[in-house]
Amino acid sequence: MRLEYTERQTKFRAEIREWLAANVPSHELKSFDTKEGFEEHREWERKLHSGRWSAVTWPTELGGRGCDLIEWLIFEEEYWRAGAPLRVNQNGIFLLAPTLMEYGTEEQKKRFLPRMAAGDDLWAQGWSEPGAGSDMAAIRCKAVRDGDHYVINGQKTWSTRAVFADWLFGLFRSDPESSRHHGLTFVLLPLNLPGISIRPIKQLNGLPGFAEIFFDDVRVPVENRMGEEGQGWNVAMATAGFERGLMLRSPGRFQKTSKDLIELYKDNRETADPSISDAVVKSWMDSEAYALSTYATASRLRKGGHIGAEASTNKIFWSEMDLAMNEAAMHILGPSAELMTQDGEAGEISRWLDGFLFSQAGPIYAGSNEIQRNIIAERMLGLPRS
Amino acid sequence: MRLEYTERQTKFRAEIREWLAANVPSHELKSFDTKEGFEEHREWERKLHSGRWSAVTWPTELGGRGCDLIEWLIFEEEYWRAGAPLRVNQNGIFLLAPTLMEYGTEEQKKRFLPRMAAGDDLWAQGWSEPGAGSDMAAIRCKAVRDGDHYVINGQKTWSTRAVFADWLFGLFRSDPESSRHHGLTFVLLPLNLPGISIRPIKQLNGLPGFAEIFFDDVRVPVENRMGEEGQGWNVAMATAGFERGLMLRSPGRFQKTSKDLIELYKDNRETADPSISDAVVKSWMDSEAYALSTYATASRLRKGGHIGAEASTNKIFWSEMDLAMNEAAMHILGPSAELMTQDGEAGEISRWLDGFLFSQAGPIYAGSNEIQRNIIAERMLGLPRS
Amino acid sequence: MDFTFKEDHIDFSDSIRKFLMVEAAPEMLREIWETESGRSKALREKLAEQGLTALSVPEEFNGIGLGDLDWILIHQELGYYAIPDSLSDTAYLAAWLLNNLPGDAALKKEWLPKIANGSARIAIAHPVNPMVADAGNADLLLMWHNDEIHAVQRKQVQMTLRTSIDASRRLFDVTWKPSDATRICPASHGASLWQGLLDRAALAAAAHLIGLAQRMLDLGIDYSAQRKQFGKPIGSFQAVKHQLADVAVKIEFAKPVLYRAAYSVMHDKSRRSVNVSHAKLACGEAAWFSARKSIQVHGAMGYTWEADLQMFMKRAWALNAAWGDQSFHKKRIADFIYSSGAALGPGETFT
Amino acid sequence: MDFTFKEDHIDFSDSIRKFLMVEAAPEMLREIWETESGRSKALREKLAEQGLTALSVPEEFNGIGLGDLDWILIHQELGYYAIPDSLSDTAYLAAWLLNNLPGDAALKKEWLPKIANGSARIAIAHPVNPMVADAGNADLLLMWHNDEIHAVQRKQVQMTLRTSIDASRRLFDVTWKPSDATRICPASHGASLWQGLLDRAALAAAAHLIGLAQRMLDLGIDYSAQRKQFGKPIGSFQAVKHQLADVAVKIEFAKPVLYRAAYSVMHDKSRRSVNVSHAKLACGEAAWFSARKSIQVHGAMGYTWEADLQMFMKRAWALNAAWGDQSFHKKRIADFIYSSGAALGPGETFT
């Protein structure tokens, strides 16, 4: 155990800090759930790429810096510290890319990864379907082989970023006779193919944060398949626990929120309910605990360890922490907390409301917390299945 | 709606207040989980009876005062306000007696009720069995008919007061072929019959608060049966929801605890964590809410209403409130909170520890809170059974 | 001692519920919210036909002359159906304030009949709220100014619309100039009127909140009974059952607190303000909790604009902080319970 | 940056676990607790044989010369097995205090070898604790007096036994008379030593608490897998699963907090005290929560003296308030985060 950064790590931190100080836009970008905001965020991804900061964990030949997980954490800390824009390309870089690197052909890697790093292709995910939310093995959307194509019919839903994204990755049922985890295939496809229609779904704040996607005889070439036909579940799951579990929510994000909450409380200490201090103290403790736990996991992985139930304990911990921090802010703001971003005067207040709304989704998406508790109880604690 | 006491109610309050002021022992009685304390509490029951205060809701001819539920609430408020001793006879007067009045024969009423009111017979309950705790229908302890007797074999457990009590009431399986709710019979028996052995169970504080009871060919005359043979479940349940649900924990108890907690916090305000004030404020709000809800239910019952899911919502509410209040006290007392009653110097501190220990049992006994939540979800909210 | 509502109270609120069920279905609310004013003349007329606008107005001004306790079940229904109208502000709060103005104020004669027949909308500015709800379509604004009461017409003030997360709310920053001409009550008398108004407003908000809590619970129950996962309705899973059962418990124990507060206000009991704060906190907590649990049961659907749940959640979040937020009301209770000589403990519930 | 323990740390704590599993089975603990002293000479000798008493003593005094980080996993195991011995107080805390006395104090030479070989028991009196643990069988007492350190023999003090809910604790009121003869360190130097001691004591208590939390979780898991209701093991019900899963989450996220604190103490980082308070709160909260959930899963059985759970619960309740209760440690964190210029936010985790 050595909880000190190496000289190299310290230099790396200084380098990203300097670059961000020079490049982070001085004005807040529009939400990437609007067309205009989406393109603004794409520009930012291109800017990041120009500094070779868009995918720091990737190998240098693919546009990355070959960072290990500790360096990635440092990058994220500085990124959140600088108040840099949200990553519109998160789906691609953090979720799809690790899978592509493990299961993709050389040709696929060359075809997709550089454009992803450059912000040229922005990716949406296609997991959920109506009736297959937390129970992902219930997928019914079909991809039937027809010569050198798959013909896709059916529907995906809750697809984040899909309203404006370029490409989609997801699981489809290639064997119509199969059930549950069998007979699924992992497919990558451009969202402008004929037969695709996209219906935006407005989220709580009124903006289309996700979409339903309808497939009507959509033909996708076989070379867009990742892994073997029928092996899609394994492809999707193999890396699901791994770095993904770690990368979904980096600790810097919550440490930044906690810092802001502390400031907010200090600014309102005269009028706020003194018992809210408890929630503020807890926000510091919990965001630190989350960071420490992430460093511990990263250290273990670097020494060849595997991610076990951390993915599930993490999910519960950060989603509940995020709710609690944003609720505390709402209570400090009191009657002003209801003002939205759309309100020109609301300024910082409305960012807390945005955060509060967003935090509501935390315990639900990426596997509801109920599902995560089942996983912890059965796989980590060994309790009997019901 | 008229939230004012009538003149008669106010006079009744004054009467009990005066009697208690003159009669409540000036020293604290020993715990009734000791032999000596049990008899001290029996003496107190006799004293109450001498003032006709031991069973105020009973008809006057049985030693009561024919009080309605509002008057009973007033009685309880004054009782807790005066810091009078715990009722060692609670099982009998609040749990068994209403059932006896509804299902007992005239002969049984005459035989049992006056002695109960006088403190001559103190009652234990025999519901639970090993393997039949929250799932009461799983009762296996047998009462097989043999001429004009039942022959009882088997085991009861978690029988409160049974270590020192005189009589036991409970459910037994009279039809060995039956299962679940069928074939059960409600029997009353003296605990000194041949074939009965009692093994005290020490609770958290080291005192035997409950017992296991073993029956080995114990012969009980048929006239000790309440209701019809095989109808025991209905007898036990008919009044289970009714006044019992209301009488198990009267609001005065928690209002007294909250008042003490407020005093404790005021006395320690300089040093205590200011956020504990939140728990103190909540104790006042919740104990008031519980009192109000009880008055509302009592008013409704007086007008011919029935108790529905209140028994379950009450159980959850008071047990969680009691935990929270006692936890708050423990946190205020800090490092002194660990001192027990057995510590001669601890005084008031140890009473909080006693309360804290006792509150741990709240969410568990009389139907665990998990069972109560199932009942609320299925019977009150109409959710599907699992 | 009788803690039940009179049958005519219950009958009246039942009839209002049946009326609102038809007239305020979620699709209709969405339509109204999307209008610029956020208010519907047609709906207001129907509310007036039901007698709701006349409830608090004395009979001499063509009203029904009922009081706080008569309103409480109605406010609950208005919350349950998330009615987008300044009905409570106009017909309950402003009516009470005007009616209690000292002397034979001309204002009473002018406005109370208009409140009763539903033709007037009145907004109220109080410093506990940073903005003024429904100022934009108010025919009259009753303004706080150092405990004085002022009455101004809409054209006498400048206002800017603010944007609330609750699309049914119309909030305004209002700037105006108090003068002798606008003053309708001096501070000496106004202070206690404003106290009475604040308590009534918080009471009404509490009742709306408990209605909202119940609505969100009902939406959660409906959704969980229909929606299947792993081949079973999710409402059959213990995790879902227990979350909804906990909501039911919170609602059950908030309601009698609300009713005591209404009674205390009606009879101006000495603990009126403490009891109102208790109600606001208990009902707000029930609504906040119900929102959290209902969205969890709804899954991703609960996070959408199209599921009805969002309408009720947002109203709940907004109302929870209106007319005194948690800090405000908690402090009123803390000040009471820590005061020396406060009558606490058993037997003081109705003191 | 490496947040993993060295293999020899892990191997050592594994071997201690295996040893304690045999030597400190619950039946044996019960026997020891029922003795008058509450302490077992035989157990102490075995602990010494394992090298535990010598861990912190420098090699020149026949010890092993290890530090705070080496102790942390051991304290966890001592907590997990609820070891009834003043081992931590003597061999970790007193050893550290004596060893850090200024100058070439004769006391070091006298007591450190006795600590190392397990023959001495030392009790420590600090004003944060109202009573002195294990004073009754201490060969030496190290006493706080206005930041001075005093050393007294047992016969130099009066003591009265107090009764803790945790039958394994032996607490005493101690009265004594400080004098020049008893003073072994002046306040000028003592203040920082007492600070260091308090942080180490709170750190050790935190580690015991997380061990206790894990033990109570394990007992809950075992019970729920065996105990059947409605024909199924109760551990198959979602309500039970989810309660135990929540305990596991709390423990998972308290552990790295504990390890950072140990590292901060070992390396005397500027945030040492804040990190220790964080660990005490997080581990105490995990233990308190684990107790509540485990008793709930145990049902009535958890409320009995005979189920082992009670031994661990009571230890957890007592330790949670020892060496600084919640208020004390929360205040240290609040003072830090609200101080102007505190380095907060991303990138300051190891500052």
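A short reminder: the numbers here are calculations on the coordinates, not readings from a lab. On a predicted model such as this, the values are computed, not experimentally measured, just so you know. Using ideal geometry, Cβ is built from the backbone for each residue, glycine included, and neighbour counts are taken over all protein chains shown.
Projected area of the protein assembly as shown, taken from the Cα convex hull and averaged over every viewing direction, in nm²?
58.2 nm²
Residue of D with Cβ nearest the axis relating D to C, plus distance in whole Å?
For chain D, the closest residue to the axis carrying it onto C is D:238, 2.
To the nearest 20 debye, what is the magnitude of the charge dipole of chain B about its Cα centre, counting +1 on the Cβ of each Lys and Arg and -1 on the Cβ of each Asp and Glu?
With only Lys, Arg, Asp and Glu charged at Cβ, the dipole is about 820 debye.
Hey, for a label at residue D:6 modelled as a point 7 Å past Cα toward Cβ, could you say which residues of the range A:1-39 have their backbone N under 16 Å away?
A:1-4
Using alpha carbons only, how many angstrom separate the centre of the range A:329-356 from the centre of the range D:38-63?
Centre-to-centre distance over Cα atoms comes out at 59 Å.
At 1.567 mPa s and 4 °C, plugging the Kirkwood radius over alpha-carbon pairs of the range A:17-80 into Stokes-Einstein gives what diffusion coefficient in µm²/s?
Rounded, D is 102 µm²/s.
Which of C:101, C:64, C:131 sits farthest toward the positive end of the charge dipole of the range C:51-206, with +1 on the Cβ of Lys and Arg and -1 on the Cβ of Asp and Glu?
C:131
Of B:315/D:250; A:35/A:156; B:303/C:6; A:282/D:330; B:259/B:282, which ones are farther than 18 Å apart at the Cα?
Listed pairs above 18 Å: B:315/D:250; A:35/A:156.
Mind checking which helices in chain C clear 30 Å along their axis (Cα) and have mean Kyte-Doolittle hydropathy of -0.5 or more, DSSP H runs only?
Result, helices passing both filters: C:187-226, C:238-266, C:272-298.
What distance in nm separates the simple spin-label points at residue D:117 and residue B:2, each placed 7 Å from Cα in the Cβ direction?
Each label point lies 7 Å from its Cα, and together they span 8.8 nm.
Project the alpha carbons of the range D:1-103 onto their principal axes and report the range along each, largest first, in whole Å.
Computed over the Cα atoms, the extents are 42, 35, 19 Å.
With unit charges on the beta carbon (Lys/Arg positive, Asp/Glu negative), name the residue among A:200, A:130, A:218 whose Cα is farthest towards the positive pole of the charge dipole of the range A:123-231.
Positive-most Cα among the choices belongs to A:200.
What FRET efficiency comes out for the pair residue B:120/residue B:237, r = Cβ-Cβ distance, R0 = 22 Å, nearest 0.05?
That gives a FRET efficiency of 0.15.
Taking the Cα atoms of chain B alone, what are Rg (to one decimal) and Dmax (as a whole number) in Å?
21.3, 72
Which Rg and Dmax, in Å, describe the Cα atoms of the range C:209-351?
Rg, Dmax (Cα atoms, Å): 17.8, 60.
Under a point spin-label approximation (7 Å from Cα along Cα-to-Cβ), what is the residue A:144-residue A:18 distance to one decimal in nm?
6.1 nm
Using a 10 Å cut-off around each Cβ of peptide D:329-336, what is the average number of partner chain Cβ atoms that fall inside?
That works out to 4 on average.
Could you name the lysines in cross-link range of residue A:110, using Cα to Cα under 22 Å and dropping any fewer than eight places away on the same chain?
A:47
What does the charge count near residue D:275 come to, summing +1 for each Lys or Arg and -1 for each Asp or Glu among other residues with Cβ under 11 Å from its Cβ?
Within the 11 Å Cβ shell, the charges total +4.
Compute the distance in nm between two label points, each set 7 Å from the Cα along the Cα-to-Cβ direction, one at residue C:49 and one at residue C:183.
Taking the simple label geometry, residue C:49 and residue C:183 are separated by 4.5 nm.
Compare the peptides B:139-152, C:101-114 by average per-residue count of other Cβ atoms within 10 angstrom and give them in order, highest first.
Details: B:139-152: 17.9, C:101-114: 15.7.
Top of the packing list down: B:139-152, C:101-114.
Working from Cα positions, state the angle (0 to 90°, nearest 10) between the long axis of helix A:106-117 and the longest principal axis of chain A.
30 degrees
Cα extents of the range B:341-386 along the three principal axes, largest first, in whole Å?
That gives 54, 13, 12 Å along the principal axes, largest extent first.
Placing unit charges on C-beta atoms (Lys and Arg positive, Asp and Glu negative, everything else neutral), compute the dipole magnitude of the range B:123-231 about its Cα centre in debye, rounded to 20.
That gives a dipole near 380 debye.
Where the label is 7 Å out from Cα toward Cβ, how close does residue B:308 come to the same position in every other copy, in nm, shortest first?
Here the equivalent label points are 4.8 nm apart from this one.
Across the residues of B:262-273, average count of Cβ atoms on other protein chains within 10 Å? Show your work: numbers first, answer last.
Numbers: counts 6, 2, 0, 2, 4, 0, 1, 1, 0, 4, 3, 12.
Across the residues of B:262-273, the mean count of other-chain Cβ atoms within 10 Å is 3.
Would you compute, for the Cα atoms of the range B:144-253, the largest minus smallest coordinate along each principal axis and list the three values in descending order, in whole Å?
Between the extreme Cα coordinates on each principal axis of the range B:144-253 lie 46, 32, 24 Å.
Taking each pair of different alpha-carbon atoms in the range A:249-380 once, compute 1/r for the pair, average those values, and report the inverse of that mean as the Kirkwood hydrodynamic radius in Å to one decimal.
It is 15.9 Å.
Only Lys, Arg, Asp and Glu count, each charged at its Cβ (+1, +1, -1, -1), so figure out the dipole size of the range D:1-113 about its Cα centre, rounded to 20 debye.
Its charge dipole is roughly 220 debye.
Distances from residue A:149 to the same position in the other copies: list them in nm, one decimal, shortest first, using label points 7 Å from Cα along Cα→Cβ.
For residue A:149, the other copies' label points sit at 9.0 nm, shortest first.
For chain C, just the Cα set please: Rg and Dmax, both in angstrom.
20.4, 71
Taking each pair of distinct Cα atoms in the range C:284-351 once, what is the resulting Kirkwood hydrodynamic radius in Å?
14.6 Å
Would you be so kind as to identify which of A:336, A:356, A:317 lies farthest towards the positive end of the dipole of the range A:304-364, taking Lys and Arg as +1 and Asp and Glu as -1 on Cβ and the Cα centre as origin?
The residue sitting most towards the positive pole is A:317.
Rounded to the nearest 0.05, what FRET efficiency do residue D:128 and residue D:222 give with R0 = 35 Å and r taken as the Cβ-Cβ distance? Could you check?
Working from the Cβ atoms, E equals 0.45.
For q = 0.18, 0.25 Å⁻¹, what log10 I(q)/I(0) does the range A:305-386 give under the Debye formula with an equal point scatterer on each alpha carbon and no solvent?
-0.76, -1.08
Can you list the aspartates and glutamates whose alpha carbon is less than 14 Å from that of residue C:228, not counting same-chain residues fewer than 8 positions off?
A:129, A:135
Using R₀ = 41 Å, calculate the FRET efficiency as 1/(1 + (r/R₀)^6) where r is the Cβ-Cβ separation of residue D:268 and residue D:137; round to 0.05.
0.80
What does the average come to when, for each residue of peptide B:199-205, you count the partner chain Cβ atoms lying within 10 Å of its Cβ?
Whole-number average of other-chain Cβ neighbours for B:199-205 is 5.
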